[in-house]
């Protein structure tokens, strides 16, 4: 099913998985088990990422097939870096042949340890170039959004201008980069709506289960870490079980507030951890629940709409 059609009916709860390393899950039975467990929440869609520069693309295709076999809706990532128009046509033909209807069009980054045989920006320099090449008639197209500003954009206003360009080119929904302070998201959403962005904006949430995890997250995303989360990290740095429990609570609290204040959807970056993610959904109060479309002016919805029954 196309995600834009789902978003016309309801707010969404969705998950993201990634292809595990070959040596850790050679036959993909592990990720199949993870996905099978996640079906308990009847997610509206499951996004499937892959390694930088197209690394792990074949396994990502296999995982999209597993998502389909489990009667879930896949959202396949597609990046500009390292891909020619011919590469993109070949991949999209394969995805369409499998029955994939949704693509998340991303620029991607050039990994420091990867050498390309030619310029990695051959035909597509930005995600917008990729969106312009793809057809919204053939696929439902999603794009990325940055509540705390893309590191290369120059200004928050420029980020919103790019979103408007993507929307005009055929993107029908956005998923945000992770953030740990909901106020960044709410201010960002207000800017988008004031500027005329009409597409649903789905909030991307990444749980923190280990204190050591946060440094890598900040390096990759340049997101800020609020005082409350820093205090949790400091307090439970040497207590893994307590850290996981506190991180689960923190993510659940983020989701509960976002839902209460009318978010169009929540997208959980699972890191392939089904048990912990199912716990987050349960603690957030969204277990096996779907709610009416939220108002898109940023105000809080009524308690009747948001409280699980």
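The values are calculated or read from the model by the stated rules, or taken from the named source; none is laboratory data. For clarity, every value in this text was computed on a predicted model and none was experimentally measured. FYI the Cβ positions are ideal-geometry reconstructions off the backbone, even for glycines, and counts take in every protein chain you see.
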Practice item. Tell me, please, whether a residue that is more than 17 Å from the chain's Cα centre (by Cα), without any contact (Cβ under 8 Å) to a residue 24 or more places away in the chain and within 30 Å of residue 87 (Cβ to Cβ) can be found in the stretch 190-208. Key: no
**Study point:** Condition check for residue 187: buried (at least 16 other Cβ atoms within 10 Å of the Cβ), within 29 Å of residue 4 (Cα to Cα), more than 18 Å from the chain's Cα centre (by Cα) and at pLDDT 95 or above
**Key:** no
Check your understanding: In this structure, is residue 261 closer than 19 Å to residue 10 by Cβ and at pLDDT below 95?
Key -> no
Check your understanding: In the stretch 121-133, how many are surrounded by fewer than 22 Cβ atoms within 10 Å (Cβ to Cβ) and touching a helix residue (DSSP H, G or I) at 6+ places or on another chain (Cβ under 7 Å)?
Key -> 4
Check your understanding: Is it true that residue 78 is in contact with a strand residue (DSSP E or B) (Cβ under 7 Å, 6 or more places away or on another chain) and either part of a helix (DSSP H, G or I) or buried (at least 16 other Cβ atoms within 10 Å of the Cβ) (or both)?
Key -> yes
Review point. If you check 136, 147, which single one turns out to be in a loop (DSSP other than H, G, I, E, B) and crowded, with 22+ Cβ neighbours inside 10 Å?
Key: 147
Check your understanding: If you check every pair at least six apart or on different chains, which have Cβ atoms under 6 Å apart with a residue in the stretch 144-163 that is on the phi > 0 side of the Ramachandran plot first and a residue that is part of a helix (DSSP H, G or I) and modelled with pLDDT of 90 or more second?
Key -> 149/159
Review point. Which of the following residues is more than 19 Å from residue 177 (Cβ to Cβ) and touching a residue at least 24 places away in the same chain (Cβ under 8 Å): 264, 249, 245?
Key: 249
Check your understanding: Can you tell me how many residues in the stretch 255-279 are buried (at least 23 other Cβ atoms within 10 Å of the Cβ) and more than 19 Å from the chain's Cα centre (by Cα)?
Key -> 0
Review point. Is it fair to say residue 66 is under 18 Å from the mean Cα position of the chain (by Cα), part of a helix (DSSP H, G or I) and crowded, with 18+ Cβ neighbours inside 10 Å?
Key: no
Point to revise | Options 211, 252, 237, 241: the member that is more than 24 Å from residue 150 (Cβ to Cβ), surrounded by fewer than 21 Cβ atoms within 10 Å (Cβ to Cβ), touching a helix residue (DSSP H, G or I) at 6+ places or on another chain (Cβ under 8 Å) and at pLDDT 95 or above | key: 252
Practice item. Working only within the stretch 78-111, note down all residues that are within 19 Å of residue 49 (Cβ to Cβ), over 18 Å from the mean Cα position of the chain (by Cα) and at pLDDT below 90. Key: 81, 82, 83, 87, 110, 111
Review point. Restricting the search to the stretch 283-309, which residues are part of a helix (DSSP H, G or I) and modelled with pLDDT under 95?
Key: 303, 304, 305, 306
Review point. Quick one: in the stretch 209-226, which of the residues that are more than 19 Å from the chain's Cα centre (by Cα) and without any contact (Cβ under 8 Å) to a residue 40 or more places away in the chain is nearest to residue 152 (Cα to Cα)?
Key: 215
**Study point:** Long-range neighbours under 7 Å by Cβ, at least six apart or interchain, first residue at negative phi and in a helix (DSSP H, G or I) within the stretch 121-133, second surrounded by fewer than 17 Cβ atoms within 10 Å (Cβ to Cβ) and modelled with pLDDT of 90 or more
**Key:** 128/165; 133/85
Exercise for review: Would you please name the residue that is farthest from residue 223 (Cα to Cα), looking only at residues in the stretch 150-163 that are outside any loop (DSSP other than H, G, I, E, B) and more than 19 Å from the chain's Cα centre (by Cα)?
Suggested key: 161
Check your understanding: residue 153 fails exactly one of the following numbered conditions: (1) exposed (fewer than 15 other Cβ atoms within 10 Å of the Cβ); (2) under 23 Å from residue 8 (Cβ atoms); (3) in contact with a helix residue (DSSP H, G or I) (Cβ under 6 Å, 6 or more places away or on another chain). What is the number of that condition?
Key -> (2)
Point to revise | Verdict on residue 171 being more than 26 Å from residue 286 (Cα to Cα) and in contact with a strand residue (DSSP E or B) (Cβ under 6 Å, 6 or more places away or on another chain) | key: yes
